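Colleague: Handing you this structure, nothing more for now.
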Amino acid sequence: MSMLDVLKSLESEHFDAKKGKVSESIEALPEGTYNCVLKSVTHRAKNGRGFLMFGLEVVDGDYAGRTESIFPTLEQTTSKGNPMPDFVLARSIKTIKIIGAMVGLDVPNQCFLDDDADANYDAIEKAFDGFEGKMLQMTIKLSPNKKNPDQPYRNYEFAPAEQPKVAEVQEDPFAQAAGVEVNEDDLPF
């Protein structure tokens, strides 16, 4: 598709630059099993509330390069001020510990014990430092959402994946050239 074709398609969608809103229609990954790399574990904030985000990138198959973001919560209260249900916190802790285990990290219990969720998020982010780039397998299964049928729940299962081999260099191939001086007579031009 040429740039002119793209511009024409925007016009046919009644795009109005004066409205200032860019809406992306990126489709979520469908149900299935994917080989992924752990791209990031970050503590962020939105609307005054902190959150933790795991970024996973699919490395092969039809969806290579696509990402999945997972947001486990350790907040003690909901956005409406109600106590967070225990099953939500338990599921989040399991998710964090399982992702850790799949990339070779035993996430310390200490990461969950502060009364301040932001302090816990910081501790988890720090614990995962150095584990970005590790491989794992992610399976996505959808289940119905009675409150919002158009947005089914995304359920995850994780498994370890074989880590890529790193080539080892036995000796420096340029070691014999160390200290060799080159003069103009040695150059071909």
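The values are calculated or read from the model by the stated rules, or taken from the named source; none is laboratory data. Computed from a predicted model, the values in this text were never measured in an experiment. Here Cβ is always computed from backbone atoms with ideal geometry, including for glycine, and neighbour counts include all displayed protein chains. To get the accessible areas, we keep the full protein, side chains included, count just its heavy atoms, and leave off ligands, DNA and RNA. Shrake-Rupley method; radii C 1.70, N 1.55, O 1.52, S 1.80 Å.
This table checks each residue for (1) under 19 Å from Gly133 (Cβ atoms); (2) modelled with pLDDT under 95; (3) open to solvent by 70 Å² or more (accessible area, probe 1.4 Å).
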site: Lys39; (1), (2), (3): yes, no, yes
site: Lys46; (1), (2), (3): no, yes, yes
site: Phe51; (1), (2), (3): no, yes, no
site: Leu56; (1), (2), (3): yes, no, no
site: Glu68; (1), (2), (3): yes, no, no
site: Thr73; (1), (2), (3): no, yes, no
site: Ser79; (1), (2), (3): no, yes, yes
site: Pro83; (1), (2), (3): no, yes, yes
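Every residue, every condition in (1) under 21 Å from Thr78 (Cα atoms); (2) within 22 Å of the chain's Cα centre (by Cα); (3) not aromatic (Phe, Trp, Tyr), yes or no:
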position	(1), (2), (3)
Asp118	yes, yes, yes
Tyr121	yes, yes, no
Lys126	no, yes, yes
Asp129	no, yes, yes
Ile140	no, yes, yes
Lys146	yes, no, yes
Asp150	no, no, yes
Phe158	no, yes, no
Glu184	no, no, yes
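Colleague: Additional query: Give me a count of the residues in the range 106-124 that are touching a residue at least 40 places away in the same chain (Cβ under 8 Å), open to solvent by less than 60 Å² (accessible area, probe 1.4 Å) and of a type outside the set (Gly, Ala, Ser). Full working, then the answer.
Modeller: First pass over the range 106-124, keeping only residues touching a residue at least 40 places away in the same chain (Cβ under 8 Å): 117-118, 120-122, 124.
Retained after the next criterion (residues that are open to solvent by less than 60 Å² (accessible area, probe 1.4 Å)): 117-118, 120-121, 124.
Checking which are of a type outside the set (Gly, Ala, Ser) leaves us with 118, 120-121, 124.
The qualifying residues number 4.
Colleague: So, one more: Can you name the number of the only condition in (1) of a type outside the set (Gly, Ala, Ser); (2) under 30 Å from Gly32 (Cα atoms); (3) open to solvent by 80 Å² or more (accessible area, probe 1.4 Å) that Glu168 fails?
Modeller: (2)
Colleague: Condition first: open to solvent by 80 Å² or more (accessible area, probe 1.4 Å) and either modelled with pLDDT of 95 or more or more than 23 Å from Met138 (Cβ to Cβ) (or both). Now tell me which residues in the range 16-30 satisfy that.
Modeller: The answer is Lys18, Lys19, Lys21, Val22, Ser23.
Colleague: Continuing with this model, one more query. Return yes or no: is Ser92 closer than 26 Å to Gln163 by Cα and crowded, with 17+ Cβ neighbours inside 10 Å? Reasoning before the result, please.
Modeller: Numbers: closer than 26 Å to Gln163 by Cα: yes; crowded, with 17+ Cβ neighbours inside 10 Å: yes.
Considered against the rule, which asks whether it is closer than 26 Å to Gln163 by Cα and crowded, with 17+ Cβ neighbours inside 10 Å, Ser92 comes out as yes.
Colleague: If you go through the range 134-149 one residue at a time, do you hit one that is open to solvent by less than 60 Å² (accessible area, probe 1.4 Å) and part of a loop (DSSP other than H, G, I, E, B)?
Modeller: Yes, there is a match, as at least one residue in the range 134-149 is open to solvent by less than 60 Å² (accessible area, probe 1.4 Å) and part of a loop (DSSP other than H, G, I, E, B).
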